[in-house]
Each structure stands twice: as C-alpha cells, then as structure tokens.
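Structure record follows, encoded as structure tokens.
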Amino acid sequence: MQMTVPRPCEQALEQIMAYILENKLSADDKLPPEREMCQMWGVNRCTLRSAIAALTEQGIVYAVQGSGTRIAHRFRRILQDLQGFSEYAADCGLRPETRLLSMSQVECDKQLSRRLHLVLGENAYRISRLRILNGQPTLIETAYIPAALAPGLEEHDLVTGSLFSVLREGYGLDLDHGEEKASITTAAEEEAVHLGIAAGDPVFWIVSITQTSEGVPVEYCRTVARADKVELVSVLHRGESEASDHA
C-alpha cells in the first residue's frame, strides 16, 4: 500500500499546532522566533512562513510587525451562560458587530410548534444575524420568538441592541434558564459565503431553547459557528447544598 507523505508545509503546520497545544499557549502568547522554529523542526524559512501564512488565514495566529507571531483570540462560548453575545464579547476585550441578514414572521411547522409550545401555524419571528468579532465573521444566529410574546419586535434595534435586553426590558420576559446542545457539522453553501469559509468546512451546530422561570419558551435558536474562531466551554459549578456541606 502506498503511503501518503505530507508536504513540508503541512508537516510544519502540524508541528506548530502541536507546539501550541503542548505548551498550552493562549491568546496573545508568542511563538518562538522563526530561526528557532526552523532549527527545532528542520525546515527552511520559506516552508515555515508558508505554514504560518496558512495558520494566519485560518485565524489561529496573527503577526505583529517587529514582534513576531502570536496566538489569535478565539471567542469562548460558555454553554451555560445567558449573557447576550455583544455584551459577553465586549467583556472579553473583543470588538463585536452584528449584521441583520433577515427578519420576518413565519408560520410554525411541527418542529417549531413543539420547541416553542405553539399551535401549528401560529406566527413566530425569525431573526437571522451574522455575528462579527474583530472584523472576522464568526457565527450565524437564527432565532425564533413567538410573535404573541413580543408584538412589534421588528420595530426594535436588533443590530446595535441586544435581543435578550429587548425581550427583558421591552416585554418583561425573564429569561431564566434553558437548554443547549452542540455538535459538529459542515457549512452549507450560503452559510459559508456569510462566514467567509469554504462550503463543507467544519462548523459547530448549536441549538438552544431559552425559557422563563415558569417554563414558557421565549427563544429557539440555531447557531452555526466557525470551528476555527469559536471555542465551546462548559463551566461546572458545585451545587449550593454540596457547597454548604463542605463550607
């Protein structure tokens, strides 16, 4: 059987990624100087620079003139968090932008009816937004809101404003808890165009339902996120009763 031998650039790229993982480098940490990396892995500078250019294009590293190559920021999506995207991104020191792709009212099909506890055919708002971080398209969120819970929602600013804030402050809806499931899929052609990637590239597929304290579904959301720009994080908390037992 004929073995496929990786090209020198691919080997160098794998070496850099392995170095990042082994040394637990995080955002803004610096890679070694080019000469040192060439000596470490026995590659020439042209090959190394090609690998770095590929990682830069993927958003994994970035170059600082006169200061070498550093690890790029990735958006850490905390699965249990109900904080709005823009607010959370700003807290992380990132520059968030939103582009409204579409907003309309749709009749609920069987799946939406089940998710939102609505009658088949009842209206829901469908809001699709492209989320951009530091100038890079990062994820597409498509949210469904029961129209009866938020009449006139289209009159609110959902580009510079927060949807969750509008629902809380404009309609008195307490977004108390929810469920979220994440998996890996591949980008469809239209999604790839908006996200600036190739169709078929790996993406995170996140489905969430947010409810009031009474269990009324307020938002059903489907998110497609670039796997090279987003890191999914699950934060574990000790239960209050357990914490008091160990206090």
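The values are calculated or read from the model by the stated rules, or taken from the named source; none is laboratory data. Because the structure is predicted, anything quoted here is derived from the model rather than measured. Note: ideal-geometry Cβ built from the backbone for every residue, glycine included; neighbour counts use all protein chains shown. When the accessible area is computed, the model is the full protein with side chains, heavy atoms only, and any ligands, DNA or RNA have been set aside. Shrake-Rupley method; radii C 1.70, N 1.55, O 1.52, S 1.80 Å.
Expressed per residue, the C-alpha convex hull volume of region 21-62 stands at 73 Å³. Applying the Karplus relation 6.51 cos²θ - 1.76 cosθ + 1.60 with θ = phi - 60° to region 190-201 yields 3J(HN,Hα) values of 5, 4, 4, 4, 5, 8, x, 10, 8, 4, x, 5 Hz, where x marks Gly and Pro. Applied to region 178-184, the Karplus parametrisation 6.51 cos²θ - 1.76 cosθ + 1.60 on θ = phi - 60° returns per-residue 3J(HN,Hα) values of x, 10, 9, 10, 10, 8, 10 Hz, with x for Gly and Pro. Each of C46, C9 has its accessible area taken with a 1.4 Å probe; listed largest first, they run C46, C9. Estimated from the Cβ-Cβ distance and a Förster radius of 30 angstrom, the FRET efficiency linking V216 and V193 is about 0.25. Close amide H contacts of T212 (hydrogens built in the peptide plane, cut-off under 5 Å, sequence separation of 5 or more or a different chain): D176, V218.
Straight-line reach from K181: taking Cα to Cα under 15 Å and skipping same-chain neighbours fewer than 8 places apart, the aspartates and glutamates in range are D81, E141, E219, E231.
Gain on full extension, evaluated as 0.36 nm per residue between R126 and E231 minus their Cα-Cα distance, stands at 35.2 nm. At what distance in angstrom do the alpha carbon centres of region 204-227 and region 19-67 lie from each other? Each part reduced to its Cα centre gives a spacing of 37 Å.
Close amide H partners of L101, meaning residues 5 or more places away or on another chain with modelled amide H under 5 Å apart, are S128, R129, L130. Full extension of the chain between D201 and L21 yields a length gain of 62.6 nm, computed as 0.36 nm times the residue separation minus the alpha carbon distance. Spacing of the modelled spin labels on D28 and R114, each 7 Å from Cα toward Cβ, amounts to 4.7 nm. Put simply, the amide H of L173, placed in the peptide plane, has neighbours under 5 Å in R168, leaving out anything fewer than 5 places away on its chain. Surface composition of region 84-230: carbon plus sulfur atoms contribute 49% of the solvent-accessible area (1.4 Å probe, protein chains only, all chains present).
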